[in-house]
Amino acid sequence: MPLVHTRDGTLLAHPGESVLETLERHGHHVEFQCRSGYCGACRTPLLAGKVHYPNVPLAFVSPGECLPCCCKPVGAIRLDIRKG
């Protein structure tokens, strides 16, 4: 099962859900606008691991970043994010 590690602990991702959906299900509040990779508002530091984008996002994503709204974890990932 894919895991999402945050500053607050380890979250279990359900099959098929985006990283944003995993975060929301566990009480994290991430700023977003589009849920499709168009705007980049949810850009988050990706400290370790890999993510997969089922559809290529339109927003620019630098190395070491991800767009939680439209990516899925590949195995375990580590994000620089806290509940808030």
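The values are calculated or read from the model by the stated rules, or taken from the named source; none is laboratory data. It should be emphasised that the depicted structure is a prediction, and the values quoted were computed from it without experimental measurement. For the accessible areas, the whole protein counts, side chains as well, though only heavy atoms, and no ligand, DNA or RNA atoms are used. Shrake-Rupley method; radii C 1.70, N 1.55, O 1.52, S 1.80 Å.
Overview of results
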read-out	value
Built amide H within the under 5 Å cut-off of E65, gap 5+	L46
Helix-only CD estimate at 222 nm, as mean residue ellipticity for the chain, using -39500 (n - 2.57) per DSSP H run (n ≥ 4)	-2000 deg cm²/dmol
Extended-chain gain in nm, criterion 0.36 nm per residue less alpha-carbon gap, S36 and H14	6.1 nm
Carbon and sulfur %, accessible surface of the chain computed with the full protein complex present, 1.4 Å	54
Derived scalar couplings ³J(HN,Hα) [the stretch 75-84; Karplus, 6.51 cos²θ - 1.76 cosθ + 1.60; whole Hz; x for Gly, Pro]	x, 9, 10, 10, 10, 8, 8, 10, 5, x
For the stretch 2-16, Karplus couplings with θ = phi - 60° (6.51, -1.76, 1.60), whole Hz, Gly/Pro x	x, 10, 10, 8, 10, 5, 9, x, 10, 10, 8, 8, 6, x, x
Kirkwood-type radius of the chain, with distances r between different C-alpha atoms, in Å	12.3
Share antiparallel - DSSP beta bridges, the chain, percent rounded to 5	80
Per residue accessible area of the chain, 1.4 Å probe, in Å²	56
